Amino acid sequence: MSALPFTTSVYAARLERAAALAAEAGFDGIIVGPGPDLQYLVGVEGDTIERLTALVIKPGITPTIVVPRMELAKVRSTGTDELGLIVADWVDGQDPYALIAGTLPEATRVGVSDSLPALHVIPIGQRLAVNLELATPVLREGRMIKETAEISELRRAGTAIDAVHRRVPEMLRAGRTEREVAADIAKAIVAEGHRTVEFVIVGSGPNGADPHHEVSDRMIEDGDVVVVDIGGAVPSGYNSDSTRTYIVGTPEPSVAERIAILVQAQQAAVEAVRPGVTASDVDAAARRVLSRAGLAEAFLHRTGHGIGVSVHEEPYITPGNELLLREGMAFSIEPGIYFPGEWGARIEDIVVVTADGCEQLNVTEHALTAVGAASAPDESRMDAKV
């Protein structure tokens, strides 16, 4: 019985499309190592190890998966037999690169997935006697446009992580460390329907000014602004990613005003999403709001990234990216503002491009949300008027 999260026909169609795109790009074949691309194409999960596992896709020919015999049972459990893949297994002492070369005789142009390491890329290139190229332009095309089943899984992931954010106020309070709060959040991520915890960021006070701060033993204090950025993978392997910003107690007026502007910037970017606009257009929508408020220099990163079987994938919502958005693309909208040594804030939703706009997969309160402190007011949120 296949352990694939989707039907065999879904994966068969993905393989067929990848082969067609490879041919269109002029490749004689593409080689896909363990990582998000292999997971997307055939449902095989796992990381690259010193023993080579690789899928070879050649236009017009049945795909071959080269796999160490000790990994064979795991690979077969994903449904490679149902997909009709040729399985070329090998044992220590044999040359797996010769197996790769045997599937691509007389090839002159071959692409490799970007997750395949030099450990394997160099000997493959030597065996084939060709200069290998990145197959990213081929592989990203399939993954960027989500199928109906993928969007359903991203909705599931979004609902699950929203449930965790609704529980954050009961965990986050003065007197606890970031690490203690993060441990509770990690448990909640699994309890609310995720298979794995991919990351937990709890950035309190000055730590929130570091966009990729994770956790520390810093004690959360009354008055702290706290960035909580969390995500995990649901059983199908599709990911959630959502950020909200909290205040322990009562915010200073200037802090509340700046975060209210950030919320406006995030909403402006969401409203800019529709087919035919560029990724750069969406990024610019957030920056315009922040720039008008004098906060342009406080925004340190891109507005968003694609999401699916990987937390970060294409399309990237960055300045200068002229990629046209298309229906079915899924990505984050997450502007932030950061003040080193003081505090930071970020608001993040996952959106899916629809025929005339986008669907937001995260719907919890976007405004600065008050949580426990001795001086915390009765109000559960702070809507500054600016």
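The values are calculated or read from the model by the stated rules, or taken from the named source; none is laboratory data. Since the model is a prediction, treat every value here as computed from it, not as a measurement. Cβ placement follows ideal geometry from the backbone for every residue including glycine, while neighbour counts extend to all protein chains displayed. Note: areas computed on protein heavy atoms with side chains; ligands, DNA, RNA excluded. Shrake-Rupley method; radii C 1.70, N 1.55, O 1.52, S 1.80 Å.
List of remarks:
- The range 39-44 - phi-based ³J(HN,Hα) in whole Hz, Karplus 6.51/-1.76/1.60, Gly and Pro as x: 4, 5, 6, 9, x, 8
- Compared with the direct C-alpha span, the chain from S9 to V87 gains 26.2 nm at full extension, assuming 0.36 nm per residue.
- Calculated volume of the Cα convex hull per residue in Å³ (choose from [x] 238; [y] 167; [z] 145), label: [z]
- Contact order normalised by residue count of the range 67-169, Cα under 8 Å, 6+ apart, percent: 20
- In nm, spacing of pseudo-spin labels at E252 and V190 (7 Å Cα→C-beta vector): 4.0
- For the chain, with +1 on Lys and Arg beta carbons and -1 on Asp and Glu, the positive-most of P340, Q360, L323 along the dipole: L323
- Taking 0.36 nm per residue of separation and subtracting the Cα-Cα distance, full extension of the segment from D47 to R288 would add 82.7 nm.
- Given charges at beta-carbon only (K, R positive; D, E negative), |dipole| of the range 92-178 in Debye: 520
- The charge dipole of the range 35-185, taken about its Cα centre with unit charges on the Cβ atoms of Lys, Arg (+1), Asp and Glu (-1) only, comes to about 300 debye.
- In this simple spin-label model, placing a label point 7 Å from the Cα along the Cα-to-Cβ direction at both Q94 and T318 gives a separation of 4.1 nm.
- A 1.4 Å probe run over the chain, with the rest of the protein chains in place, finds 41 Å² accessible per residue.
- When the solvent-accessible area of the chain is split by element, carbon and sulfur atoms take up 51 percent of it, the probe being 1.4 Å.
- Over the range 236-386, Cα pairs under 8 Å with separation of 6+ residues give a relative contact order of 33 percent.
- For the pair T177 and V130, the difference between a 0.36 nm per residue extended length and the Cα-Cα distance amounts to 11.5 nm.
- In this structure, the amide hydrogen of T250, modeled 1.01 Å from its nitrogen in the peptide plane, lies closer than 5 angstrom to those of G223, counting only residues at least 5 positions away or on a different chain.
- Protection proxy ranking of 85-93, 158-166, 194-202 - average other beta-carbon atoms within 10 Å, highest first: 158-166, 194-202, 85-93
- This model, with +1 at the C-beta of Lys and Arg and -1 at the C-beta of Asp and Glu, gives the chain a dipole about its Cα centre of some 380 debye.
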